[in-house]
Amino acid sequence: EDQVTQSPEALRLQEGESSSLNCSYTVSGLRGLFWYRQDPGKGPEFLFTLYSAGEEKEKERLKATLTKKESFLHITAPKPEDSATYLCAVQLYSGGGADGLTFGKGTHLIIQP
Amino acid sequence: NAGVTQTPKFQVLKTGQSMTLQCAQDMNHNSMYWYRQDPGMGLRLIYYSASEGTTDKGEVPNGYNVSRLNKREFSLRLESAAPSQTSVYFCASRTSGGVVGEQFFGPGTRLTVL
């Protein structure tokens with residue numbers, strides 16, 4: 001069965017304390033891996049798409065990387081406004097044409113001033 | 001551009017009542033999706049529409065129906081609501097062209113079924 005697992009479930013950091021969030025996947029036929037940010041009471045906000053192992057994408061304090069089995073979201077010198085739930089999702093090849101994303105449960109990140 | 005909009009934002013139903021959740025996008029996207037999000041679980045795909053006039057089941061379609069009214073609008077209907085359908089429902093649309101693309105989400109509808 002295809003699975004997407006995110007760790008840790010929750011992470012509390014001090015402002016400026018860098019860390020990484022993990023997304024491991026056991027899927028057959030990966031078309032793309034996506035990172036989203038979700039604030040309380042809001043819809044997921046798109047951050048990055050990664051297509052192939054070795055690829056990296058950056059945006060402000062965030063950098064996403066991809067290997068054949070996992071992806072990391074690195075957060076450098078975070079600020080309190082980076083507090084949110086970060087979601088990882090994969091899009092699969094499917095002969096049936098299924099086109100939706102399979103999501104992990106997310107990592108709830110809190111950055112303390 | 002408003003992006004993806006959803007109505008209503010909140011709804012409370014009694015068991016057995018019916019309702020339709022509305023979704024519209026103004027990004028000229030071909031593909032649209034309905035997901036539900038429950039505590040402790042990832043978002044799960046209910047139905048999707050790859051293009052106007054087509055719809056397909058996702059992971060958890062039981063108890064729901066959908067209509068792709070036109071390119072902009074994709075509605076989700078609960079014919080006889082059950083407490084297990086208490087959830088937050090998100091609509092999304094995907095950039096057109098190619099087989100892979102990021103999905104953009106609406107703000108969600110928070111539904112409680114008593």
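So if I check each of B:Glu102, B:Glu79, which one is buried (at least 16 other Cβ atoms within 10 Å of the Cβ) and among the acidic types (Asp, Glu)? Exactly one residue qualifies, and that residue is B:Glu102. As a summary of the residue check, A:Gly106 satisfies the conditions (1) at pLDDT 95 or above; (2) more than 8 Å from chain B (Cβ to nearest Cβ) except for the one numbered (2). Across the stretch A:18-45, what is the number of residues that are under 16 Å from B:Gln103 (Cα atoms) and surrounded by fewer than 16 Cβ atoms within 10 Å (Cβ to Cβ)? Residues flagged as under 16 Å from B:Gln103 (Cα atoms) and surrounded by fewer than 16 Cβ atoms within 10 Å (Cβ to Cβ) within the stretch A:18-45 amount to 2.
Looking at A:Leu11, A:Leu62, A:Leu33, just one residue is touching a His at 6+ places or on another chain (Cβ under 9 Å) and either charged (D, E, K, R) or free of Cβ contacts under 8 Å to residues at least 60 places away in the same chain (or both), and that residue is A:Leu62.
Every condition in (1) modelled with pLDDT under 95; (2) away from chain A (no Cβ under 14 Å); (3) surrounded by 20 or more Cβ atoms within 10 Å (Cβ to Cβ) holds for B:Met32 except the one numbered (2). Quick check on my filter: what residues within the stretch A:8-17 are within 14 Å of another protein chain (Cβ to nearest Cβ) and surrounded by 15 or more Cβ atoms within 10 Å (Cβ to Cβ)? Those that are within 14 Å of another protein chain (Cβ to nearest Cβ) and surrounded by 15 or more Cβ atoms within 10 Å (Cβ to Cβ): none in the stretch A:8-17. Being surrounded by 13 or more Cβ atoms within 10 Å (Cβ to Cβ), basic (Lys, Arg) and not in a loop (DSSP other than H, G, I, E, B) is a description that applies to A:Lys57. In the stretch A:26-53, what residues are more than 9 Å from chain B (Cβ to nearest Cβ) and out of contact with any Lys or Arg (no Cβ under 7 Å at 6 or more places or on another chain)? Passing the criteria: A:Thr26, A:Val27, A:Ser28, A:Gly29, A:Leu30, A:Leu33, A:Trp35, A:Arg37, A:Asp39, A:Pro40, A:Ser52. Put simply, of B:Val4, B:Val12 the only residue that is touching a Ser or Thr at 6+ places or on another chain (Cβ under 7 Å), among the hydrophobic types (A, V, I, L, M, F, W, C) and more than 9 Å from chain A (Cβ to nearest Cβ) is B:Val12.
Screening B:Asn65 against (1) surrounded by fewer than 17 Cβ atoms within 10 Å (Cβ to Cβ); (2) touching a strand residue (DSSP E or B) at 6+ places or on another chain (Cβ under 6 Å); (3) facing another protein chain (nearest Cβ under 9 Å); (4) not basic (Lys, Arg) leaves a single unmet condition, (3). Taken together, the criteria exclude B:Leu78 from residues that are within 14 Å of chain A (Cβ to nearest Cβ), within 19 Å of B:Arg110 (Cβ to Cβ) and either touching a residue at least 12 places away in the same chain (Cβ under 8 Å) or not charged (D, E, K, R) (or both).
The values are calculated or read from the model by the stated rules, or taken from the named source; none is laboratory data. Everything numeric here is computed off the predicted structure, so don't read it as measured data. Note: ideal-geometry Cβ built from the backbone for every residue, glycine included; neighbour counts use all protein chains shown.
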